[in-house]
Amino acid sequence: MQALTVVAAQSRSRALTIVGAAGFAVALAAASQIAIPLPNTPVPITLQPLVVVLAGLWLGPTAGAASMMMFLMAGAAGLPVFAPMGAPGLARLLGPTGGYLLAYPIAAFVAGRLAPPTAGFGRRFAAAAAGMLAIYLGGFAQLVVLTGSLERAALLGVIPFVAFDVCKAAIAALIRPTRA
């Protein structure tokens, strides 16, 4: 009887993890629809980085990364989950914002790995900032390839966004994760 109770608890936990991962993929799709274009850069300001690091902090590293993979697969398949500006579907992953998007699973994993549920504000902020850095590295790398210039890539995809993303990391750290 006790073994049956343990199996039932594990099944419930798995089901909650799947629901949570799907929920964060949907939240990320919703966050991408609020995209503010900036002059002289192909990368808009969105709430996506906040949702990405929250997925890692709340779901943990593996489920957080899995939720980001769900989002990427939906977008690559042509579902309207990416920001409304830019190429649709798989082509988005090859364009100027593709490096950021492809870094989302890594960022969620990093944030979740660095901050356990009991972590204080400082550790959650550091974990969220590390997740944001992972997103920047992915986007910066793709922009370097597309522009052929480190300076141009930094001007297009890093410098305009740093202040916004530091604020998003602080907000993510303030929101305490709740895990079942």
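Annotations
- Here the accessible area is traced with a 1.4 Å probe on the protein chains. For segment 25-127, carbon and sulfur cover 77 percent of it.
- Candidate membrane-span-like segments in the chain, meaning DSSP H helices with Cα atoms spread over at least 24 Å of their own axis and a Kyte-Doolittle mean of 1.0 or above, are 2-32, 98-114, 121-147, with no membrane implied.
- Computed packing ranks the peptides 118-128, 61-71, 35-45 as 61-71, 118-128, 35-45, most packed first, by mean other Cβ atoms within 10 Å.
- Sum of side-chain charges, residue 129 neighbourhood, beta-carbon under 11 Å (Lys, Arg +1; Asp, Glu -1): +2
- Most fluctuating residue given options 103, 169, 76, as computed from a GNM of the chain linking Cα atoms under 10 Å: 76
- Dipole magnitude (debye, nearest 20) for the chain, charges at Cβ of Lys, Arg, Asp, Glu: 460
- Applying 0.36 nm per residue to the separation of residue 14 and residue 174 and subtracting their alpha-carbon distance, the gain on full extension is 54.9 nm.
- For the chain, the per residue solvent-accessible surface stands at 50 Å², with DNA, RNA and ligands left out and a 1.4 Å probe.
- Amide H contacts under 5 Å for residue 45: 36, 38, restricted to partners 5 or more places along the chain or on a different chain, H placed in the peptide plane at 1.01 Å from N.
- Positive dipole terminus of the chain, leading residue within 133, 121, 109 (C-beta point charges): 121
- Modelled FRET efficiency - R0 45 Å, residue 87 with residue 118, Cβ distances, 0.05 increments: 0.60
- Extension gain, residue 126-residue 34: 0.36 nm per intervening residue step, less the Cα-Cα distance, totals 30.6 nm.
- Förster radius 30 Å - calculated FRET efficiency between residue 137 and residue 22, Cβ distance, rounded to 0.05: 0.65
- Taking Lys and Arg as +1 and Asp and Glu as -1, the other residues whose beta-carbon sits under 10 Å from that of residue 114 total +3.
- Where only DSSP H runs of four or more residues are counted, the chain gives -24000 deg cm²/dmol as its mean residue ellipticity at 222 nm, each run worth -39500 (n - 2.57).
The values are calculated or read from the model by the stated rules, or taken from the named source; none is laboratory data. None of these values were measured; they are calculated from a predicted model. Heads up, the Cβs are rebuilt from the backbone with ideal geometry, glycines too, and the neighbour counts pull from every protein chain shown. Remember, those area values only see protein heavy atoms, side chains included, never the ligands or the DNA or RNA. Shrake-Rupley method; radii C 1.70, N 1.55, O 1.52, S 1.80 Å.
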